[in-house]
1. Answer with yes or no whether B:Ala207 is away from chain A (no Cβ under 14 Å), hydrophobic (A, V, I, L, M, F, W, C), under 30 Å from B:Phe110 (Cα atoms) and touching an Asp or Glu at 6+ places or on another chain (Cβ under 9 Å).
2. Identify, please: which residue in segment A:273-300 is loosely packed, with under 12 Cβ neighbours inside 10 Å and within 26 Å of the chain's Cα centre (by Cα) and is, among those, modelled with the highest pLDDT?
3. Out of all the residues in segment A:12-47, which are within 14 Å of another protein chain (Cβ to nearest Cβ), out of contact with any Asp or Glu (no Cβ under 6 Å at 6 or more places or on another chain) and closer than 20 Å to A:Ala201 by Cα?
4. B:Ile218 passes all but one of (1) at pLDDT below 90; (2) touching a helix residue (DSSP H, G or I) at 6+ places or on another chain (Cβ under 8 Å); (3) among the β-branched types (Val, Ile, Thr); which number fails?
5. Of all residues being among the basic types (Lys, Arg) and either more than 13 Å from chain B (Cβ to nearest Cβ) or within 9 Å of A:Val6 (Cβ to Cβ) (or both) in segment A:48-80, which is farthest from the chain's Cα centre (by Cα)? Just the residue, please.
6. Filtering segment B:186-227 down to residues that are of a type in the set (Val, Ile, Thr) and more than 12 Å from the chain's Cα centre (by Cα), which residue is surrounded by the most Cβ atoms within 10 Å (Cβ to Cβ)?
7. Looking at (1) of a type outside the set (Asp, Glu); (2) touching a Pro at 6+ places or on another chain (Cβ under 7 Å); (3) buried (at least 16 other Cβ atoms within 10 Å of the Cβ); (4) farther than 17 Å from B:Leu194 by Cα, which is the one condition that is false for B:Val93?
8. Looking only at segment B:51-90, which residues are surrounded by 15 or more Cβ atoms within 10 Å (Cβ to Cβ) and in a loop (DSSP other than H, G, I, E, B)?
Amino acid sequence: MLDADVEVDRRDFAVRAAVSVPPGERLALFGPSGAGKTTILEAIAGLVPLRRGRVVLRGRVLSSTGPPAVAVPPWRRGVGLLRQDPGLFPHLSVRGNLGYAPAADAAGRGDRARRLDELAGRLGLGGLLQAMPARLSGGQAHRVALGRLLLADCDALLLDEPYSGLDAALRRSLTELVIGLVGDREVPSVLVAHELPDAQAFASRLAVLDRGSVLQTGTPHEVVLRPASRRVAELVGYLGFVPVRASAAAVGAEVGAGEAVAGEAVAGVHPDRVVAGAHPGRGVVVTGTLTRCVPAGAGWEVGLGLGEATVVCRLADRPQVRDGRLVVTALDPPCFGPDGVAVPKHGGGDMKTIQGVTPAW
Amino acid sequence: MPRLLRPASAVASVAGAAVIWIALLGPVIALLTHMSGRAIVSALEAPGAFGPLLVSVEAGGVTLAVLMLICTPLAWMLARGRLPFPRIWEAGVIASMLLPPLVIGLLLVFLVGPYTWVGSVIGDLHLSATNTFLALVIAEVYESAPYYVLGAQAAFASVDPRLEQQAGLLGDRPRRVFRRVTLPLAAPGLAMSLAVGWARAMGAFGAVLIIAYHPYGIPMQIYTTLQETGLASALPFALVLLVVALPLPLAAYVWSARAGRRRRG
């Protein structure tokens with residue numbers, strides 16, 4: 001189990017985060033560049049000092065601001081860190097890199113050599129053991145770096161955007177490889193990612209970070225479908241926010257008597273959760289002016305103007321426009337109050353739109 | 001560039017480089033063309049002709065050992081920013097490099113001469129820092145150390161600190177990281193810096209002239225021979241200096257190139 005409750009000073013802001021990762025769980029820290037994700041990993045690895053907090057791995061206190069103050073040096077932590085740059089030692093062959101971690105004794109060295117050959121085969125590096133790192137492709141270098149960490153018998157694995165810069169297919173295969181290997185070893189692992197698909201592909205749990213704070217934690221699906229705030233929604237890819245008017249009847253039951261949300265709220269529209277046409281039973285029906293329509297992947301990316309607001313959506317087929325107006329349905333969109341916090345919904349309410357939006361629940 | 005002009009451009013580049021190379025080698029070419037075999041033989045057959053050679057090699061060897069033991073840690077600390085006010089430390093190293101060797105010699109008299117406190121401490125140990133082998137080593141160290149420190153600093157700075165960090169996270173203590181990662185990666189640069197330090201030590205003259213006139217090393221032998229019997233007699237010793245001093249830098253160069261090739265696979 002990895003428990004980290006850390007506060008680290010940075011030049012721009014302090015990073016404060018608490019994460020708890022059971023053995024075998026894969027946590028992804030997701031957020032924009034500069035949100036403090038890497039700082040959290042470095043705090044766990046003992047590479048930056050804590051202002052306050054505590055890091056505990058498998059019951060062993062690695063850092064604590066005390067009392068008593070504890071700061072186990074990085075080389076005694078048993079924490080493996082894989083960065084975007086695989087950081088292979090250029091003067092050592094692939095075999096030298098894989099077997100770099102010091103073995104405790106001669107028996108350990110013998111066992112290491114056997115495991116090295118076995119792991120090299122599993123990583124597809126069997127024929128490259130004598131090659132120098134300069135000769136490796138990006139994917140091969142990452143596999144060597146990963147194998148090196150696994151052979152070091154780390155108690156926790158930290159992955160700092162390890163696959164940025166690699167093509168999508170390679171990222172997918174490496175992620176699957178990591179998931180398999182981490183699962184076999186039952187170690188807690190933490191991935192830092194600023195691309196949501198990378199985080200979703202890896203993680204069993206997702207924590208969204210912004211300016212040094214964890215905004216929401218949950219399963220990747222949960223976080224994307226039910227963002228806790230408008231900021232989280234923006235970070236996980238909601239590109240349109242449609243003004244709606246929520247009556248007390250719509251939301252009052254869940255926010256508590258007398259605390260009904262008044263005034264304007266917005267419904268978040270995720271581009272991938274929109275279908276063409278009006279389907280009032282499935283979400284919010286939005287009617288707007290087509291502002292753009294460009295090919296995106298196998299479908300079309302469409303811009304929909306709603307007065308001041310704009311909604312971006314990705315549709316499978318090229319939309320049919322009548323009189324310059326297009327009707328789409330945002331599937332079960334989350335709704336945020338004027339303070340940006342998500343408003344719980346329940347069926348049977350009568351949310352009214354401000355312009356161009358028809359309520360669906 | 002039009003395809004026809006490419007070969008012409010390549011030829012012009014090689015020709016330009018050759019001109020520069022020959023110009024740089026001018027003194028060596030002059031040395032080789034102005035000596036006869038007879039002059040070399042008669043100079044080297046003179047009684048005690050090899051004494052200065054031995055003194056130079058010994059003093060150069062001791063100087064290299066001092067540079068490695070004392071200046072290498074300083075270079076590493078400068079490269080890794082482990083010293084407070086690093087620009088001041090660097091400025092000190094550069095200042096000692098800018099001083100003309102002759103001036104270094106004059107100032108060393110004030111520093112380690114017999115009437116200074118350092119000189120008296122050395123005297124208490126029944127040693128002397130003027131006109132002794134120790135004085136020769138001191139002069140050579142002062143003439144070569146700044147070049148070695150700056151070169152070694154650049155060699156250490158070229159090692160990515162993240163590799164050292166990674167080695168630490170894999171379980172290596174800092175001393176082991178230095179031995180297994182930092183030193184091997186900086187080694188080609190360190191070897192070249194040592195070669196420069198060796199060349200400076202073997203050719204040290206200005207400071208040596210002031211505080212270590214005796215025992216004669218080869219540069220002093222060349223100078224006194226020139227004074228006493230003329231240029232023709234002095235030149236063979238210059239050739240000896242070149243022949244003796246060249247193998248180490250050449251070996252360092254070849255080894256560095258080989259290490260680079262090995263890393264590139």
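1. yes
2. Ranking the qualifying residues of segment A:273-300, first place goes to A:Ala298.
3. Within segment A:12-47, none qualify.
4. (1)
5. Looking at the filtered set, the residue picked out is A:Arg60.
6. Here the residue is B:Val208.
7. Among (1) of a type outside the set (Asp, Glu); (2) touching a Pro at 6+ places or on another chain (Cβ under 7 Å); (3) buried (at least 16 other Cβ atoms within 10 Å of the Cβ); (4) farther than 17 Å from B:Leu194 by Cα, B:Val93 violates only (4).
8. B:Arg80
The values are calculated or read from the model by the stated rules, or taken from the named source; none is laboratory data. Source: prediction; values computed, not measured. Glycine gets a Cβ as well: all are built from the backbone with ideal geometry, and neighbour counts include every protein chain shown.
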